[in-house]
Structure formats: structure tokens, C-alpha cells
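Report on one structure; see the data block that follows.
Bear in mind that the values in this text are calculations on the coordinates, not laboratory data. Source: prediction; values computed, not measured. Using ideal geometry, Cβ is built from the backbone for each residue, glycine included, and neighbour counts are taken over all protein chains shown.
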Number of protein chains: 4
Amino acid sequence: MSDLRALIINCTLKKTPELSNTEALANKVITEYHKLDVNTEMIRLADYNIKHGTSSDEGDGDEWPQVLEKIRACDICIIASPIWLGHSPSTVQQIFERMDDVFYNKELKDKETRQFFTYNKVAGALVTGNEDGAHAVVSHVLWSMHEIGFTIPPNANSYWVGMAGGDKNYTDGGGEKHVYTNKNNLYMVHNTVYMARLLKQHPIPTNLHELDIMAKKMSK
Amino acid sequence: MSDLRALIINCTLKKTPELSNTEALANKVITEYHKLDVNTEMIRLADYNIKHGTSSDEGDGDEWPQVLEKIRACDICIIASPIWLGHSPSTVQQIFERMDDVFYNKELKDKETRQFFTYNKVAGALVTGNEDGAHAVVSHVLWSMHEIGFTIPPNANSYWVGMAGGDKNYTDGGGEKHVYTNKNNLYMVHNTVYMARLLKQHPIPTNLHELDIMAKKMSK
Amino acid sequence: MSDLRALIINCTLKKTPELSNTEALANKVITEYHKLDVNTEMIRLADYNIKHGTSSDEGDGDEWPQVLEKIRACDICIIASPIWLGHSPSTVQQIFERMDDVFYNKELKDKETRQFFTYNKVAGALVTGNEDGAHAVVSHVLWSMHEIGFTIPPNANSYWVGMAGGDKNYTDGGGEKHVYTNKNNLYMVHNTVYMARLLKQHPIPTNLHELDIMAKKMSK
Amino acid sequence: MSDLRALIINCTLKKTPELSNTEALANKVITEYHKLDVNTEMIRLADYNIKHGTSSDEGDGDEWPQVLEKIRACDICIIASPIWLGHSPSTVQQIFERMDDVFYNKELKDKETRQFFTYNKVAGALVTGNEDGAHAVVSHVLWSMHEIGFTIPPNANSYWVGMAGGDKNYTDGGGEKHVYTNKNNLYMVHNTVYMARLLKQHPIPTNLHELDIMAKKMSK
């Protein structure tokens, strides 16, 4: 195995061991990461006690610090998500609320360049649903991941949704044999791996701290 | 000057030479690109006769082919946009409607790898408004640019919006001296330039055609 | 026939007489409006020369004034739309850009109450696509229609989308026999008709002008 | 006092008694409801233990049933929300996840007409933030409220956001004296009250059950 690590955060609302269609899709993707010698870890956010808030530790049994540690350790972070009412679930948004701290917390920045710890990591998105809304979720996820410091390569998402009003999901609706989804799985895996390796060898050198000083001068 | 080229597409609804606040913000960014030896070109989409449709040439005086040629020639593509009713203007969405052809048109793909011509190009977003909606526009722009093949580095956007219900715009509302906007301008310029150079030296090798064949096998 | 009028604005990018799947869905809905004695008119926005801008007449052959006249005359306004890249097409956003004038133009407001001319009219949304994005389009349309003065009753939308990556559209994908879509068509027609009749008999009396004066006093 | 009841659900991430800017805005609105003889109740969702899920009672100490009871009892439901990363917070989305049950649970529908219990109730949205994203949150909230059965009158939202990158919030940024926000507060209060009274006197008669049967026939 190589030194690359992919973290898949499954944002299903269901705790382990309930059946998660999103997990089934993620498992297909994990198989492909393994073929490229990438280490993987998958967690379900709903298995953790994530407190409301925007700091990195809300105390009182808050288990976000455990998730944050995993994000710090990964090179590729894939947000895997269901869709509710055409929209990302609360679990996805909780990730961004808690990651908001990268803008304020010195512990989450490089001492010299003030880059967020997420710089030089790569993000992707996986979505399953039985109706509609995959593009909306992917758009929300990838934009937010970019905003908090991740790099987004092309074709960094894959999804499966059933017919409107239908009761078929990924696992019982033929998702695993859906060629469009399988194709996008492969695109995402190959592009995120290449980009993560590239950034590991050639990290972004931008010194945000120096640019901050320059911006202040410009703004007088 | 280096061989890097940045194209800024100003999506204001106003034709040249009407005052465009978005252009004023873009000009600040252009100055920074020049400091990093990047060639720039700025166009206003509203100056072109862009026909409704989703092909690369709708005929009948359609001037999209001229814009498309510029996108093909650039390394960095910045979509600069106003906000209308909290949303991207029709001009922004016209770009994505016309670029939809990258999914179907062989002329817009690499012969061997079937990569879209946008692979190894970098995207960013600039937004001005007098009320609200910058994040919504950036989210729409960056996600769509990713979807059609561009790479999105971190901090690849900058914006200025005035107070709700106000009548102040970027040029008369102090936008040029707004430190937050100036800071993000610099982050965006430095990160897009680094990423464009990196991808020029180390282009993404993913062979989409081979992955398509693999996906078909998996889906039987 | 009653005195109620429903206007359906088909926002397909294709001009008449090209096949429009959105029109096929709209025709089903029109049949139901007729059963409830509602007069209907359907237009394609792409058949009109709509200039870029935010005023009610951009001159130079601008045909928006003809569309505006139809909106003024209707009681129910249904925006019927395809989806491009998971998003509303430029044609839909053009409607909201041009309607932005209701916030500024006295000709578009009631002399006494300053209500926008859209007050006491009812809106709905219809969407077709071959992939994903219906909720995103409906959300954009209904929120914007509300923002410019329309009332939105419950279940005021209906849609059909095919499978991701598929090549099936409403007309060749069985849309006309899709029970979920047909059910929502009926809900939308019945609720918009009831609400339009109710508002015709009991128009909203809110005097925006008086509230403006009150707000100014409160804000000192 | 009249028999009309307005419920304001404050979706701040902070528990009572932490300062909530959203609450400060909501208090202004509550004063106006009282002037129109409307009873009001305000709750903070973060004070309740809302379990992940999409049913009406997830058990294990789930306190959603208490919130649901309040929604059932109200005539006007206002979602008051902060903005995080340009987006609605997880708390807002939790409401829609839990309300998803109206589509499936007979207890949440009228026995005869199968209307959701939310029919004939009216919705509105209030937003505060220190940057940008109000329109995105309002759009998400009002569309979702409509989708689950509420009616949306015109001008049913109000917001205040500070300057980008600023550290000023509603309470210390002059929000209470911002004329645009105060004006929209009044529009929202007057329109929601009128619409709620109108629907109480003239409830929507649509029989969804009969339309379901009709739709099935049409779809054969």
C-alpha cells in the first residue's frame, strides 16, 4: 500500500448497522481506491455524537474532535451523502459548520503561511437518492470543500438517483450495474488520486499571511 | 511575460462602454495577474450575440464560437458576475448551456483519452452585488466549471456585496479599499496561477476512454 | 369559460416548432386547467427577442414588453422549464432579471398601496429533464416568483426526470404515463386555481406604502 | 387576542441563554404580530434533543414530537435562521428531514382529503448573518415549506446581513435600525397574517385522495 489515505464520510442519517444505500455506493468506490494502492477508511457521521456549534470542540461529550483528526490525517476526503427534500442532509452541513473554525483557529493553520490544514488535500462527492437532487448536493459539497481549503479536480463526483416518486434505491434499483454511475466512480477515483499525489509532491506554496499584509496596504 | 493566459469573462448584463462594477473588481485582479507575469484578456459576454442552445455553434450569426476559442486558448478562466435576485445572471448560465457540448462533441475532447478540452485548465469566480447572493453565485459557477472539466484550487473566488436594500455598488461603495475583498483577490490569483503552472507541467493522465470500457464491463 | 387566465411560459431553449419535452408536460397540465374552466395561453420565451437588462423595455427590438403584458393579464403564471447542468436555464433567469423592475418602476405598482402588479396572482412550476435537478429549478422558480409578488399555494409544482446518464426524455421515456407526475400535475392545477379565485375575491389589502413610512420611523 | 397563532422556530446553533442575533430580529417581528393581535411562541431548536432521522418519533429521548405538536397548533410558522458558509444551518435542514414524514404518515394527513396537516397554514423566513447568503437560506426555507404543504404569500421574508469579512452582527451592526429590514419585517407580518386568516375562513378544499385515483387512471 502507498502512503495515500482516502477518508469517506458517509452522511446517511442512519446509524450502523442499518442498511445505507450511500454506503453501498461508497463501497464500490473503495474497491477502486484499493486497486490504486490507496488506503481507505469509511465512517458514518451519525455514529458520532456531533454537537451543534462552529468550534473544533464543543465539549460535553462532543465527538467531532475524533472526526477532525481523521480529516487531518487524510489526503483525499470524499463526502458521501443521501438527499432529503432535494437538499443535502443536516449531517453534511454539520461538517461545514464545524470546519468553519479553519478561518479562525490558529491550530488549524500552518504557522508560517497561515494556510488552512486542508490545503493540499483533495475532495470529492458521492450521492444516492430515490428521486432528485444529486447535482444540488454535489454543488453544495464541492463548493464548501473548496471554500475550506480543498482542491477539486475535474469529475470529482458520482451519483445514482431513482425515478421521481419511485421507491427504488441504489441497492434494489440496479445502482451497482448502472454504467453512468460506475463510469463516474472511476473518473472520480483516478482524478482524486492523481491530484492528491501531485499536491503531495508539489504543495501549494501560497503564503496567505504575506498576502494578508499586502491586502491591508492596498486597502488604505 | 510567461506563456500563461488568464481569460476573464465578465457576465454583466450591460454592454461596453456602460459602467460595470464587476469589471472594476476584475481590473484589480488583472493587475495582480500581470505582477505574476500572466497574460490576461477580459471580455463582456453581453457584447457578443450568444444564441440560445447547447451546441458549439447555433448558426445564424451566433458568436459563441469566438468565445469558445478564447476558452480553448486560456489556462485560467475566471467567471466574473453580478447577482440578480440572489442568483447568477442568465449570461453565466448561457456559458454552461453552451459548454454542455463537451459531453457530446468529439471536437471538444482529446482523441486518445477523451478528456474534455478543459482538463488541465483552472477556474475561479469573482462576484459583485449591492445586496446578497455572492456565495450562491460562486457555488453555481465553481461547481459547474468543475463539472465541465476545470480544476478548482482552494480560495479560488473573491467578492464584494453592499448592504441589503442599499444603493451602493463596488465602485461607489468603497469596494476597491475593502480589505476582505482585496485579500481574497490575492489568494485567488496566487492559487490559480500556481495550479495552472502545475497542471501544465504535470497534466492529468486519466484515460477516460479506457475507464468507460472498464465501467461497461463492470455493469453487465 | 370563467374569467380566470393561466399563462404558461415555456422556457425551453428551442424555438417553435422544435420538439419541446417541457411543452408536452405543459400540455397535460393545460388539459386539466380547461376542465376547471380556466383560459390558458402558452408561449415559448425563446420565440421572443428578449434583450439583456433589468428594465421593462430595453428598446432596440426588445420583445419583453409583449411578455410582460401577458403576465399582467394572467391570474396564474406557470414557469415551465428544462434543466441544464442541474440548474435553471438562462431563459428562466431572464424572466427574473426583467421582472426586477417591479421593485423600482411606479408603472408596475399600485398607485395607492404600492403593491407590485403581481400581488394577488398565483405561481407554479413545471420541470422536465433527462437526469437530475428538478428540485433545484423548482426552488429557484418558486422562491423568485414569491420574491417578485406572487403567492405560492402548496403542491404548486410537478416534474419528470429520467435516469442519470440516460437518453430518455419526457416524451419517449414514458413521462405521460408516470403516475407521480400526473398526480402532481393535478395537485398543482387544483391548488393554483383555488388560490387564484380566492385572491380575486379577497385581494391582499396590505398597504406597502404606509408600512414603508412606519419602517422609516422605526429606524431612526 | 385573536385565535391566530404564530410559531417562530429559531434555528440558531446556540442554546438558550446564549446571545442569538436571529432571536433579536425575531423579537422585532414578534412585536408586530402582537400589534395585529396574533399570539406568538418562539422556540430554539438547539434547546431540543432532535434525533437524526425522517420519522415523527425516533425514540430514545427524541424531542421532535414536542416541536411537531407546536407546528400542528400554529397558523403561521416562521423559520428564523443564521447562515453558515452561505447556507442554511443543519438545524433548518433537520426540520425538513423530520417533516418528510408528512408524505408517508397517515396521522399527519386529513382522513378524507389526504391533505398534509400543514395545508392552510402559512410560512415565512427570517435570516441574519454577518456576511452573505440570506437569499440562499430564504430560498431553501420557503421552497421546502411549500413542498411540505404551507402557503407562501408575497414578501414573506426579511433579513439582515453585514459586510463581507466583517465582524458586525445584527445586534451590534445597527440591524435594529436598518430600514430595509424593518420594512420587510412589516411586509412579512402583514401578509402572513392576512393569508392565515383568509385560509382559516376559506380552507383549500382540494381532495388529494380523489386526485390520486384520477392520476392512476390517467397513467394506465
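Computed from Cα atoms, the angle from the helix D:90-99 axis to the main principal axis of chain D rounds to 10 degrees. For residue B:151, the residues whose modelled amide H falls within less than 5 Å of its own, excluding neighbours fewer than 5 places apart on the same chain, are B:120, B:121, B:122, B:123.
Sorted shortest first, the distances from the residue D:105 label point to those of the same residue in the other copies are 3.5, 4.7, 5.1 nm; each point sits 7 Å from Cα along Cα-to-Cβ. With a simple spin-label model that places each label point 7 Å from the Cα along the Cα-to-Cβ direction, the separation between residue D:209 and residue D:73 comes to 2.8 nm. Hey, rough spin-label estimate for residue C:55 and residue A:57, points 7 angstrom out along Cα→Cβ, what's it come to in nanometres? Distance between the two pseudo-spin positions: 6.1 nm.
Between C:17, C:82, C:65, the residue with the greatest mean-square fluctuation in the GNM of chain C (Cα pairs under 10 Å linked by springs) is C:17. Positive contributions from Lys and Arg (+1) and negative ones from Asp and Glu (-1), summed over other residues with Cβ under 15 Å from the Cβ of residue B:59, come out at -3. Of the GluC sites (Glu not before Pro) found in region C:16-47, no site is in coil according to DSSP while having at most 10 other Cβ atoms within 10 Å of its Cβ.
Each Lys or Arg adds one and each Asp or Glu subtracts one; over the other residues with Cβ under 13 Å from the Cβ of residue A:81, this totals 0. What whole number of Å gives the distance from the Cα centroid of region A:117-173 to the Cα centroid of region D:2-73? So the two Cα centres are separated by 31 Å. 3J(HN,Hα) along region B:10-26: 7, 9, 3, 7, 9, 7, 4, x, 4, 4, 10, 5, 4, 5, 4, 5, 4 Hz, from the Karplus curve 6.51 cos²θ - 1.76 cosθ + 1.60 with θ = phi - 60°, whole Hz, x for Gly and Pro. Roughly what angle does helix D:64-73 make with the longest principal axis of chain D, taking Cα atoms, 0 to 90 degrees, to the nearest 10? With rounding to tens, the tilt is 80 degrees.
The mean number of partner chain beta-carbon atoms within 10 angstrom of a residue's beta-carbon across peptide A:88-99 is 6. Put simply, the amide H of residue D:81, placed in the peptide plane, has neighbours under 5 Å in D:11, D:126, D:127, D:128, leaving out anything fewer than 5 places away on its chain.
Distances between placed amide hydrogens fall under 5 Å for residue D:87 paired with no residue 5 or more residues away or on another chain. For chain D, modelled as a GNM whose springs connect Cα atoms under 10 angstrom apart, the maximal fluctuation among D:149, D:133, D:173 occurs at D:173. The HN-Hα couplings worked out from phi for region B:130-144 by the Karplus form 6.51 cos²θ - 1.76 cosθ + 1.60 (θ = phi - 60°) are 10, 7, 5, x, 4, 4, 4, 5, 4, 4, 4, 5, 5, 5, 5 Hz, whole numbers, x standing for Gly and Pro. With the charge dipole of region C:5-218 set up from +1 on Lys and Arg Cβ and -1 on Asp and Glu Cβ about the Cα centre, the Cα lying farthest toward the positive end among the listed residues C:43, C:82, C:124 is that of C:124. Inter-copy label distances at residue D:176, shortest first and taken from points set 7 Å along Cα to Cβ: 3.8, 6.1, 6.3 nm. Compute the helix-to-body angle for D:179-201: its Cα long axis versus the longest principal axis of chain D, expressed 0 to 90° and rounded to tens. The helix D:179-201 is inclined about 20 degrees to chain D. Tally Lys and Arg at +1 and Asp and Glu at -1 over the other residues with C-beta under 12 Å from the C-beta of residue A:15: what net charge comes out? Around residue A:15, the charge tally is -2.
Distances between copies at residue D:37, taken between label points 7 Å from Cα along the C-beta direction, are 3.5, 7.8, 7.9 nm in increasing order. For the protein assembly as shown, dividing the convex hull volume of the Cα atoms by the residue count gives 157 Å³ per residue. On the beta carbon distance between residue B:36 and residue D:110, with R0 = 45 Å, the FRET formula returns roughly 0.10. Peptide A:211-219 has a mean shielding of 6, counted as Cβ atoms of other protein chains within 10 Å of each residue's Cβ. Of the trypsin sites (Lys or Arg not before Pro) found in region C:65-127, those that fall in a DSSP loop while having at most 16 other beta-carbon atoms within 10 Å are C:111, C:114.
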